[in-house]
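See below for the structure under consideration.
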Amino acid sequence: MAILVLGGAGYIGSHTVYELIEAGRDVVVADNLLTGFKEAVHPKARFYQLDIRDRGALDTLFQAENIEGVIHFAASSQVGESMSNPLKYYDNNLYGTMVLLQSMVAHGVDKIVFSSTAATYGEPEQVPILETDRTQPTNCYGETKLSMEHMMNWVSKAHGLRYVALRYFNACGAHASGKIGEAHNPETHLIPLILQVPNGQREKISVFGDDYPTPDGTCIRDYIHVTDLAQAHILALDYLMKGGDNNVFNLGNGVGFSVNEVIEVARAVTGHPIPAEVSPRRAGDPAQLIASSEKAKSVLGWKPQYDDLNTIVSSAWNWHKAHPHGYEK
Ligand code: UDP
């Protein structure tokens, strides 16, 4: 029996495939390679280039492979783009997931773990954020992810499928081997953008707003290493395989760092002065997002290994230094 990883050529997907293979699992990867990279797919995984909106291609895969569970990362994930092009997000994230669930139901595949996001909460009522807190997304990306959770819930009631939604906070870092890491085009995330400065690709980093109600005025986020996220997916799938019921878990370290603090850590790690310049706030950015991950720890037995920002940024720097253009030559 194999595990199907949709979006297994992307950032978090590729790291999860590495962990699955390391754990001795049989892995099938499917990805349309629009934002993922073939080079990121572990050589021991069987690879299908397909789009999850293509029902025929999914049916062919489920017929050819003996799939016991699905881990679903195949989605668009840029907040800014979701605001300027919301229908792309409805198409790829919601319609894509609908087609996937239709195919899974038709083939009797009844377990799925999938990427949700801290953006489902919107502006938090309190930090750390609990899974039971209000969900009121402030951007279309978060809205489609929350709708994916709801879709799973209704399909579960009707067809007996079981799911785990993992609400990630700020994914970052890279695999310890240095073989895979973060590569987005265009890059919008803070840590890779900061590291473009010591890599000679950017003169300075823009700090999006320094007038937030936080101690240094810059936004606070909970940064979680991609390998720790990957481990949580495996634990969540094992939880479903042992008969666990539908569930939602936050994944973060439970510690917040401000934008200025992250830049400071990057200066220490790289030995580069990394000039920073304050620029206007970015639309839709909550002041503070910090997870309570106690539920994932107690129910799944999840133990993040990289809870130190220095180690996280060092692993990212290790990757970006060696791959200044990501997977592109
Ligand atoms: N940020 C910034 N400058 C940048 C990119 C991001 O100040 O060039 C800030 C952003 O406003 C947010 C934090 O860094 O407060 C993390 O942003 P990122 O896009 O990495 O993740 P998000 O929190 O949006 O998921």
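Quick one: compute the contact order of the chain, relative version, from alpha carbon pairs under 8 angstrom and 6+ residues apart, as a percent.
Taking the mean separation of contacting Cα pairs over the length of the chain, I get 19 percent.
Taking the Cα centre of region 149-215 as origin, work out the dipole magnitude from +1 charges on Lys and Arg Cβ and -1 charges on Asp and Glu Cβ, in debye rounded to 20.
Rounded to the nearest 20 debye, it is 400 debye.
What residue among P192, P215, P137 has the largest mean-square fluctuation in a Gaussian network model of the chain, using Cα springs under 10 Å?
In the Gaussian network model the winner is P215.
Can you tell me which of 173-181, 221-229 comes out highest on packing, and rank the rest after it, using the mean Cβ neighbours within 10 Å?
221-229, 173-181
Under 12 Å from the Cβ of A171, count the other residues' Cβ atoms, weight Lys and Arg +1, Asp and Glu -1, and hand me the total.
Net of charged neighbours comes to -1.
Working from the pairwise distances between different alpha carbons, so that the mean of 1/r is found and then inverted, what is region 1-116's Kirkwood radius in Å?
Over region 1-116, the inverse of the mean reciprocal pair distance is 14.1 Å.
Under 16 Å from the Cα of K38, which aspartates and glutamates turn up, not counting those fewer than eight places away in the same chain?
K38 reaches D51, E182, E328.
So what is the 222 nm mean residue ellipticity for the chain from helices alone, if each DSSP H run of at least 4 adds -39500 (n - 2.57) and you divide by all residues, rounding to the nearest 500 deg cm²/dmol?
-10500 deg cm²/dmol
Okay, which of region 228-270 sit inside 20 Å, backbone N to the point 7 Å along the Cα-Cβ direction of E125?
Only 248-251 pass the distance filter.
Using a Gaussian network model of the chain whose springs link C-alpha atoms within less than 10 Å, name the residue from N85, N170, N32 with the highest mean-square fluctuation.
Of the options given, N85 has the highest mean-square fluctuation.
Please report, in debye to the nearest 20, how large the charge dipole of the chain is about its Cα centre when each Lys and Arg carries +1 at its beta carbon and each Asp and Glu carries -1 there.
The dipole of the chain has a size of about 540 debye.
Would you please give the FRET efficiency between S84 and D245, computed as 1/(1 + (r/R0)^6) with r the Cβ-Cβ distance and R0 = 45 Å, to the nearest 0.05?
Working from the Cβ atoms, E equals 0.75.
What percent of all Cα-Cα pairs in region 2-43 falls in each 5 Å bin, counting up from 0?
Whole-percent P(r) values from 0 Å outward: 6, 30, 39, 18, 6, 1.
Within region 236-276, name every residue whose backbone N is under 18 Å away from a label modeled 7 Å from Cα of D26 along the Cβ vector.
238, 241
Around L289, what is the net charge, scoring Lys/Arg as +1 and Asp/Glu as -1 over all other residues with Cβ under 11 Å from its Cβ?
With Lys, Arg at +1 and Asp, Glu at -1, the net is -1.
If the cut-off is 29 Å between C-alpha atoms, which lysines fall inside it for K295, apart from same-chain ones fewer than 8 positions away?
Result set, ordered by chain and number: K111, K145, K157, K242, K303.
Treating the Cα atoms of region 196-329 as identical point scatterers in vacuum, please give the log10 of the normalised Debye intensity I(q)/I(0) at q = 0.12 Å⁻¹, two decimals.
-0.60
Order of 303-316, 151-164 by packing, highest average Cβ count within 10 Å first?
303-316, 151-164
Label points 7 Å out from Cα along the Cβ direction at H325 and S206: separation in nm?
2.5
Taking amide H positions as placed 1.01 Å from N in the peptide plane, with prolines and chain starts having none, which residues 5 or more places from I71, or on another chain, fall under 5 Å of its amide H?
For I71, the qualifying residues are L4, V5, L6, V113.
Between Rg and the Kirkwood Rh of the chain, both from Cα atoms, what is the Rg to Rh ratio?
0.95
Apply 1/(1 + (r/R0)^6) to the Cβ-Cβ distance of Q305 and L193, taking R0 = 22 Å, and write down the FRET efficiency to the nearest 0.05.
That pair, Q305 with L193, gives E of 0.30.
I'd like the distance separating the alpha-carbon centroids of region 1-75 and region 173-198, in whole Å.
Region 1-75 and region 173-198 have Cα centres separated by 22 Å.
No lab work stands behind these numbers, since they all come straight from the coordinates. Keep in mind that what you see is a predicted model, and the values were worked out from it rather than measured. With ideal geometry, Cβ positions are generated from the backbone for all residues, glycine too; neighbour counts draw on all protein chains shown.
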